[in-house]
Amino acid sequence: MGIKWNEFFITGDPLILGSQIAIVLTMVGIVAGVTYLKKWKWLWSEWITTVDHKRIGIMYIISGVLMFFRGGMDGLLMKAQTSRPEMEFLDAQHYNEIFTTHGVIMILFMAMPMLIGIMNVVVPLQIGARDVAFPQLNALSFWLFFGGAMLFNISFVIGGSPDAGWTSYFPLAGKEFSPGIGNNYYAVALQIAGIGTLLSGINFVVTILKMRTKGMTLMKMPMFTWTSFIASVIIIAAFPIFTVALALMTFDRLYGAHFFTLSGGGLDMLWANLFWLWGHPEVYILVLPAFGIYSEIISTFSRKTLFGYKSMVLSILIIAFLSMVVWVHHFYTMGSGPAVNSIFSITTMAIAVPTGIKIFNWLFTMRKGRIKMTNAMLWSLAFVPCFIIGGVTGVMLGMGAADYQYHNTLFLVAHFHYTIIPGVVFAVFAALYYWWPKMFGFTLNEKIGRWHFWLFVIGFNATFMPMFFLGLDGAVRRSYTYSVESGFAPLFLVSAIGSVILALGFFAFCYNIYWSIRHADRNITGDPWNARTLEWATASPVQPYNFAKLPEVDGLDPFWKMKKNNEGLTIKDSDIEEIHMPSNSGLPFFMGVVFGVAGFFLVFEWHIAAAIAAIGIIAGLIYRSFDYDEGYHIPVDEIKETESKWRNVEGEVHNYVK
Amino acid sequence: MEKHTNRFPISHVLGFIFSLILTFGAAFIALKTNLSFKVIMWIIGTLAVLQAGIQLFMFMHLREGEDGKTNVINIIYGVFMTVVIVVGSIWVMSAGHATH
Ligand code: HEM
Ligand SMILES: [Cu+2]
C-alpha cells in the first residue's frame, strides 16, 4: 500500500504540535475522568446507545458547541494573521487550510448539528408525539454525522487538512493541483456526514407528516415545526446532489476518473454547478429552522399569537421553491452569458420578498405585545437589524452585473457572515436559552447571558462591518496577507479586535453553562416562560415518554388555550396506559465507527483496508435486517410515579424573567 | 414493527438485477464500443431513463400509495427537481462563455 509514515503525522509546525499535544492530553483526561468516576456503563447505556430523540438532540448540540469552538479558533487564527499587514504568523498554505476547515466545520459540523439537534429535541414535543418516526435511524443519523465530523477534524494532525476552500472548486481541488491527501478528507468525511443528514431529513418528514397528535392539522402546526418540515424536504431534495457530486469527486481523486478534471475532457465548472445546486438550498436548510425558532420566541415573549401565520407558511413555501433556482448567483463570473445571469439575478432578488414578509410578520407580532426582555428575546431582536444588513447586501450581490465588482472580495465574506451569524448562530443561542429548561430542567443565568449577548453582538458587528468596506476597497477573500501600501491596515485591525470581543462573548456563554449547571435552581415548572406550544405542556426535563397522555389540539397555540380554559392540564389515573418504547441499540454507534474507519482508510487510499472495513458496514446492515426487537413497555405504575413527581409541585420558581 | 411478511421480495430482487444490468450496460457501451459519440449519448440517455423508471416502480412504492393526492404532489415535486437539476445544469453549462 506504500504507506509514507513520515507524511502520516503532520510535523514541523509549532501550532500543530501544540494542538497534537493538547488533543492527546484531552483524550487521556477524558478516559481517565470517565474511568475514575466509573461512568463508562452509564455513558454506554444512557447516551451512546440511546434512541431517545431528546438525548440524541442533546448530543447533536454538544457536538455543535464543540465544533463552534474549533471553527471559532480557526476564525480567530485568521483574524490574528490579518490583523497587521505582512504578518508572519501563518503562512499561505496554513491560511488556506484554516479557512477551508473553518468554512466546512462551521456550516456542516456546527450549524447543521445545532439545528438538527434543536429539531430533535423540540419537534416531536411540539407535535405531541412520543418520538420521531424511526428512532433507531435517528441514532444512526447522529453517529454518521459524528463519524464524519471526527474524520474531518483529525485531518489537521494526521495527513494534512484540505486546502481548496469550503467550496473545493476544481481544478484546484483535483489530484493535479492538490496531490496530497488533504482533499480526500473533504470528499470522504462530508459524504459520511451527508448520509446522516439525509436520513435525518427523511426521518423528520415522516415524523411531521405521520405522527402529529390528534387535531393538529398541517395548518395548526407550530411555526418551528413548519420550518423544520420544509427544511427537511429541502434536505431530501438537495443532499443527494451533493452525495453524487462528492462521489464523482472521489472517483476523480482516488480512481483517476475525469468528471471534473480538465486534462481528461472533464468539466471543471460542473463541480461548481453541482456544488451550488446543493449549496444554496443548504443555506436555506440552515436559515428556515432558525426563522421558526424566532417565530416561537417572539410570539411567546410578546404574549401574542404569531402575526400572519398563513403568510408565514406561504413565504416559507416560496422560499423553498426559490431556493432551488438561484444557485448560479455564486458563479456569475464564470460567464454563462447574459441570459443565464439575468434570470438568476431575478430569481435571487425575488427571495427578498418572502423574507421581507417574514420580517414584517415578526415586527407586527411584537406590535402592542407585552414584550418580556429575556435573553432569548434579546437575540431575536438583535437578529432583525443584523439580518437585514446581510439581506440587503445580498440583494446587491444578487445583481449579476454588479457582482463582477464584489465577487471574491471581503464584501462577500462580510455579507454571508451577516446572514449566517444572525440567521443561524443568534437563533441557536436564542433557542438554547429558550429550550434549555426543557432539555435540562434549569434555566441559564440571565445576567451572565446579558454579558454573552452584548459581547457577542458588539464583537460580531465590529468584526464583520469593517469587512464590507475592505471588500469595496478591493481586499480579496482567502488572501493570507496584504501590503502596508494597500491602506487596509486600520480596518483589518478593528476587525481583529472585534473578533476578540466576539470570542469573549462565546466564553461568557460557556461560563454561563458552567455556572448554571452548578448553581441554577432546579425547582422549575414544565413551563417557565409562560409559553404557548405543546412542548411546555410536559415536565422539564422531559420524561422519556414525553406525554403520559397524548394531548389533543384544536388550533394554534394549543398549550396557551389549555392554560386559559384550564383544561387538559391535569391527568386522571384512569387515563394512564402502558407506553410502548423502542429499545436502545449499539448498532448505530457501531455503524458510525466502521464508517469512520473505512472512511479513514479511503482517505489514505488504502483500498484493501477500506474494503475490509466496509465489510463491517454490510454486516451492520444485515444484522439490522434480522433484528426483530419489539421494544418494551413502561408499566402504568412507573408512569404514575413519574407524573406525580412533576405535577402539582409546591413552591416552584417562577421569577426567571425579571 | 408488527407485520413481517414472509413473501419473497421478488420485485426488489428483479429491480436490483435490472439496475445492475443497465448500469454495467451503460458502462460497457460507453467504454468498450466504437459507436459515435452521438449514438452513445442517446443509448446511455435512454438507459438512464429506464433506470429511473425501474427505481420508481420497483423500489419507490409508486404503485402502493393509498393517498392519491400525496402521490401527485410527490411526483410533481420529483419532476420539478429533475428538470431543475438536469435541464438547469445543461443550460448553465452550455450557455455563454463557460464552454469555450
Ligand atoms: C466565530 C466567528 C467567526 C469568525 C471570526 C470568522 C472569520 C472568518 C474569516 C476571517 C474568514 C476568511 C476570510 C477570507 O477569505 O480570508 C471566514 C470564512 C468563512 N466563514 Fe467565518 N467566521 C466566523 C463565524 C462563521 C460562522 C458561524 C460560519 C457559518 C456557519 C462561518 C462560515 C464561513 C465560511 C463558509 C467561510 C468561507 C471559507 C472559504 O473561503 O472557503 N464563519 N470566516
Ligand atoms: Cu446562494
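Here are the numbers for this structure:
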{"item": "Residue check, A:SER315 away from ligand 1 (no atom under 16 Å from the Cβ), in contact with a Pro (Cβ under 7 Å, 6 or more places away or on another chain) and closer than 30 Å to A:PRO558 by Cβ", "result": "yes"}
{"item": "Number of the condition not met by A:ALA339 [criteria: (1) small (Gly, Ala, Ser); (2) within 14 Å of another protein chain (Cβ to nearest Cβ); (3) within 16 Å of ligand 2 (Cβ to nearest atom); (4) assigned to a helix (DSSP H, G or I)]", "result": "(3)"}
{"item": "Subset tally (residues that are more than 14 Å from B:GLY88 (Cα to Cα), away from ligand 1 (no atom under 16 Å from the Cβ) and of a type in the set (Ser, Thr, Tyr)) for region A:322-339", "result": "1"}
{"item": "The one condition in (1) more than 16 Å from the chain's Cα centre (by Cα); (2) of a type outside the set (Phe, Trp, Tyr); (3) within 16 Å of ligand 1 (Cβ to nearest atom) that A:THR197 fails to fulfil", "result": "(1)"}
{"item": "Residue list for region A:82-94, filter: touching a helix residue (DSSP H, G or I) at 6+ places or on another chain (Cβ under 6 Å) and either in contact (Cβ under 8 Å) with a residue 24 or more places away in the chain or within 18 Å of A:SER155 (Cα to Cα) (or both)", "result": "A:THR82, A:SER83, A:PRO85, A:MET87, A:LEU90"}
{"item": "Members of region A:277-327 found to be within 14 Å of chain B (Cβ to nearest Cβ), within 12 Å of ligand 2 (Cβ to nearest atom) and of a type outside the set (S, T, N, Q), listed by number", "result": "A:LEU277, A:TRP278, A:GLY279, A:HIS280, A:PRO281, A:LEU322, A:MET324, A:VAL325, A:VAL326, A:TRP327"}
{"item": "Any hit, region A:253-272, residues being within 16 Å of ligand 2 (Cβ to nearest atom) and under 22 Å from the mean Cα position of the chain (by Cα)", "result": "no"}
{"item": "Failed item in (1) within 14 Å of chain A (Cβ to nearest Cβ); (2) at pLDDT below 90, with B:VAL86 passing the rest", "result": "(2)"}
{"item": "Failed condition for A:THR26, given (1) more than 25 Å from A:LEU115 (Cα to Cα); (2) touching a residue at least 12 places away in the same chain (Cβ under 8 Å)", "result": "(2)"}
{"item": "Pairs, first under 13 Å from A:PHE460 (Cα atoms) in region A:396-420, second near ligand 1 (Cβ under 9 Å from one of its atoms) and of a type in the set (Ser, Thr, Tyr), C-beta under 8 Å, six or more apart", "result": "A:HIS417/A:THR463"}
{"item": "Residue within region A:522-529 that is acidic (Asp, Glu) and buried (at least 19 other Cβ atoms within 10 Å of the Cβ) present", "result": "yes"}
{"item": "Scope region B:14-60; condition of a type in the set (Val, Ile, Thr) and away from chain A (no Cβ under 14 Å); matching residues", "result": "B:ILE17, B:ILE21, B:ILE29, B:THR33, B:VAL39, B:ILE43, B:ILE44, B:THR46, B:VAL49, B:ILE54"}
{"item": "Residue within region A:376-387 that is within 16 Å of ligand 2 (Cβ to nearest atom), away from every other protein chain (no Cβ under 14 Å), under 30 Å from A:MET349 (Cα atoms) and not in a loop (DSSP other than H, G, I, E, B) present", "result": "yes"}
{"item": "The one condition in (1) in contact (Cβ under 8 Å) with a residue 60 or more places away in the chain; (2) more than 23 Å from A:PHE8 (Cβ to Cβ); (3) touching a helix residue (DSSP H, G or I) at 6+ places or on another chain (Cβ under 7 Å) that A:GLY147 fails to fulfil", "result": "(2)"}
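Residue by residue, here is whether (1) within 10 Å of ligand 1 (Cβ to nearest atom); (2) buried (at least 22 other Cβ atoms within 10 Å of the Cβ); (3) not in a helix (DSSP H, G or I) holds:
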site: A:GLU88; (1), (2), (3): no, no, yes
site: A:MET106; (1), (2), (3): yes, yes, no
site: A:MET114; (1), (2), (3): yes, yes, no
site: A:ASN120; (1), (2), (3): no, yes, no
site: A:ALA129; (1), (2), (3): no, yes, yes
site: A:LEU140; (1), (2), (3): no, yes, no
site: A:ALA149; (1), (2), (3): no, yes, no
site: A:THR167; (1), (2), (3): yes, no, yes
site: A:LEU172; (1), (2), (3): no, no, yes
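One line per residue, one yes/no per condition, for (1) over 25 Å from A:PRO466 (Cα atoms); (2) at pLDDT 95 or above:
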{"position": "A:MET349", "(1), (2)": "no, no"}
{"position": "A:VAL353", "(1), (2)": "yes, no"}
{"position": "A:ARG370", "(1), (2)": "yes, no"}
{"position": "A:ALA382", "(1), (2)": "no, yes"}
{"position": "A:ILE389", "(1), (2)": "no, yes"}
{"position": "A:GLY394", "(1), (2)": "no, no"}
{"position": "A:GLY398", "(1), (2)": "no, no"}
{"position": "A:ASN408", "(1), (2)": "no, no"}
{"position": "A:PHE411", "(1), (2)": "no, yes"}
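The values are calculated or read from the model by the stated rules, or taken from the named source; none is laboratory data. Note that the structure is a prediction, hence the values are computed from the model and not measured. Methodologically, a virtual Cβ is constructed for each residue, glycine included, from the backbone with ideal geometry; neighbour enumeration extends over all protein chains shown.
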